[in-house]
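Step one of this worksheet: look at the structure below.
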Amino acid sequence: MGAVHSSSLALSTDPRFVPVTSTLPPCVSKVSKSKSNSSLFGRTRREDKILGPPVSIFTSTVAQNSIFSESLPLKCARFEMGTKNDEVAGKPTLGFVEIDQDLVDKMVYDALVWSSLHGLVVGDRNVKISGKVPGVGLVHAPFALLPISFPESHFREACELAPIFNELVDRVSLDGKFLQYSLSRTKKVDAFTSRLLDIHSKMMESNKKYEIRLGLHRSDYMLDEQTKSLLQIELNTISSSFPGLSCLVSELHRSLLNHYGETLGLDPRRIPANAAVSRYAEALAKAWIEFNNPKAAVLVVVQMEERNMYDQHWLCSVLRERHNVRSIRKTLAEIDAEAKLQPDGTLLVGGVPVAVIYFRAGYTPNDYPSESEWRARLLMEESAAIKCPSISYHLAGTKKIQQELAKPNVLERFLDNKEDIAKVRKCFAGLWSLEDPDIIGKAIESPELFVMKPQREGGGNNIYDGNVRETLLRLQREGTEEDAAYILMQRIFPTISPTTLIRDGICYKDHAVSELGVYGAYLRNKENLIVNEQCGYLMRTKTSSSNEGGVAAGFAVLDSLYLT
């Protein structure tokens, strides 16, 4: 762990850090038993697959202490840390301390009980219908036993960037010519991106105006060890997962430290409040109000089999219980079969008018197995319902647009404030198109310093190490335009630290790295800016030997922050 500060962390005075006043929903997730990457972090479909069912909302202090009674200890791989006597600002720093094995076993047992009681769960992939029938085949979500240390200054930096990126996405989305031109080469070789651009073109030709615009985003970062810089990995504008489960993990860690913190020398007040699900629900509710039809519902677009349904259900539960807003869940195929567009633009699904369309699907080619799904996507885009995201917001979050925005003088096209531009540019890692022969040569010579990224979401798509060289050499030999389907990105090397990870009820110690995601919400009605804020955070930790980082994809576990 990192430095422990004896003073309390008074984040509650900062409006960006509003504490969650309710306990998070009951959830369960899978943890691996072997130490090989393939079995510990085997692939599935998206980082959006870790569940957390909706439950009644009660105060977060309930059951914090009551579950920590004498418990049958689980046996865990030996967990050892050594001690450091470093001092920061005159305060002793907790580097590594040896934790008694019996204590680790008790903490693991208590954490698993807490996860089951509070809904930190996902569907068990070993149970066939766990992604279709709620309440069947639940397993705890994979999580780290203790929060990861993270510098408070960099955390605040990431939080301050969220409203700027929200505004940037909105302004980029309004520049249809920029989106079409920037993705024109990609369109020639990437069929999925091409179909999205076709829908965007139809909207431009029809002069479709998105007067009410809603974005629920998440910007992901790593802290580069060598430069101590916070560098952006990607900006998610569609299906930003885990607002529910991320809150639960923060509560789990706070509960553990409330009970064991004195023994461990850790202060639970240094775990920042995480209100992601409450803030997301509030933004959806405000959009629903702007639509101004009390009979309308929020349509949640979902995948056929969704092991992460509980994360989604909890958001809908908060929307219903706190804001009295109804939601319905439909796949793209179901929308195609049931939806009707009224002459005034009202979208009816199963006879229910739709105010807001919230996409938790539609970000991968796998979600469009037939023309039926594409018809549904176009129909929704043509409707008067508020899209989250709209097709233009979706395209603004592509890897190619991320790379274009990193070019000199491009940010100035969309942002006016020089300080905001400097903050955004500071967090950009190196980003290049494959039209740059110099950078291609460097990547072939030192592929370990680069990541090759296609225009895809959901984890498991990137190219690393020797495969970077092989792919680049193949593209050079073939001389096609396939290179337009990729960008090159500087590889970020974060700090590696020993961590205890829990998956499938099995805990193990490994060396791990972490990735911070900061949620943001943006809502505008014409010239009226209604919401533009940071909404909470997601921390994911993975073994350092794993390149990919998706939780639902099986590569990582959920974590929280311990600010140092």
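The values are calculated or read from the model by the stated rules, or taken from the named source; none is laboratory data. Everything numeric in this text was worked out from a predicted model, so none of it was measured. Because the Cβ atoms are built from the backbone with ideal geometry, glycine has one as well, and the counts that use them run over all protein chains shown. Surface accessibility is based on the protein's heavy atoms, side chains included, excluding ligands, DNA and RNA. Shrake-Rupley method; radii C 1.70, N 1.55, O 1.52, S 1.80 Å.
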**OP:** Have a look at 121, 127 and point out the one that is closer than 30 Å to residue 255 by Cβ, among the aliphatic types (A, V, I, L, M) and open to solvent by less than 20 Å² (accessible area, probe 1.4 Å).
**Re:** 121
Subject >> Within the range 160-199, tally of residues that are surrounded by fewer than 17 Cβ atoms within 10 Å (Cβ to Cβ) and among the acidic types (Asp, Glu) >> reply: 3
Original post:
Considering only residues of the range 98-149 that are of a type in the set (S, T, N, Q) and in a helix (DSSP H, G or I), which is farthest from residue 313 (Cα to Cα)?
Top reply: 101
Subject >> Sole residue being farther than 25 Å from residue 522 by Cβ and in contact with a strand residue (DSSP E or B) (Cβ under 9 Å, 6 or more places away or on another chain), chosen from 215, 137 >> reply: 137
Original post:
If the Cβ limit is 9 Å and pairs must be 6+ apart or interchain, which residue in the range 157-168 that is of a type in the set (Asp, Glu) pairs with which residue that is open to solvent by 10 Å² or more (accessible area, probe 1.4 Å) and at pLDDT below 95?
Top reply: 160/16
Subject >> Selected residue (criterion: surrounded by the fewest Cβ atoms within 10 Å (Cβ to Cβ)) from residues of the range 498-527 that are aromatic (Phe, Trp, Tyr) and closer than 19 Å to residue 358 by Cβ >> reply: 522
Original post:
What residue, of 356, 352, is touching a residue at least 24 places away in the same chain (Cβ under 8 Å), touching a helix residue (DSSP H, G or I) at 6+ places or on another chain (Cβ under 8 Å) and hydrophobic (A, V, I, L, M, F, W, C)?
Top reply: 356
Original post:
Do we find that residue 435 is modelled with pLDDT of 90 or more, among the charged types (D, E, K, R) and more than 24 Å from the chain's Cα centre (by Cα) in this structure?
Top reply: no
**OP:** Consider residue 130 carefully, then state whether it is over 19 Å from the mean Cα position of the chain (by Cα), in contact (Cβ under 8 Å) with a residue 12 or more places away in the chain and more than 30 Å from residue 482 (Cβ to Cβ).
**Re:** yes
Original post:
Is it fair to say residue 211 is charged (D, E, K, R), surrounded by fewer than 23 Cβ atoms within 10 Å (Cβ to Cβ), touching a residue at least 12 places away in the same chain (Cβ under 8 Å) and under 28 Å from residue 542 (Cα atoms)?
Top reply: no
Subject >> Yes/no for residue 141 being buried (at least 22 other Cβ atoms within 10 Å of the Cβ) and either in contact (Cβ under 8 Å) with a residue 24 or more places away in the chain or not acidic (Asp, Glu) (or both) >> reply: yes
Original post:
Which ones in the range 90-105 are surrounded by fewer than 20 Cβ atoms within 10 Å (Cβ to Cβ) and either in contact with a Lys or Arg (Cβ under 6 Å, 6 or more places away or on another chain) or modelled with pLDDT of 80 or more (or both)?
Top reply: 95, 100, 101, 102, 103, 105
Original post:
Regarding residue 202, is this residue open to solvent by 60 Å² or more (accessible area, probe 1.4 Å) and at pLDDT 95 or above?
Top reply: yes
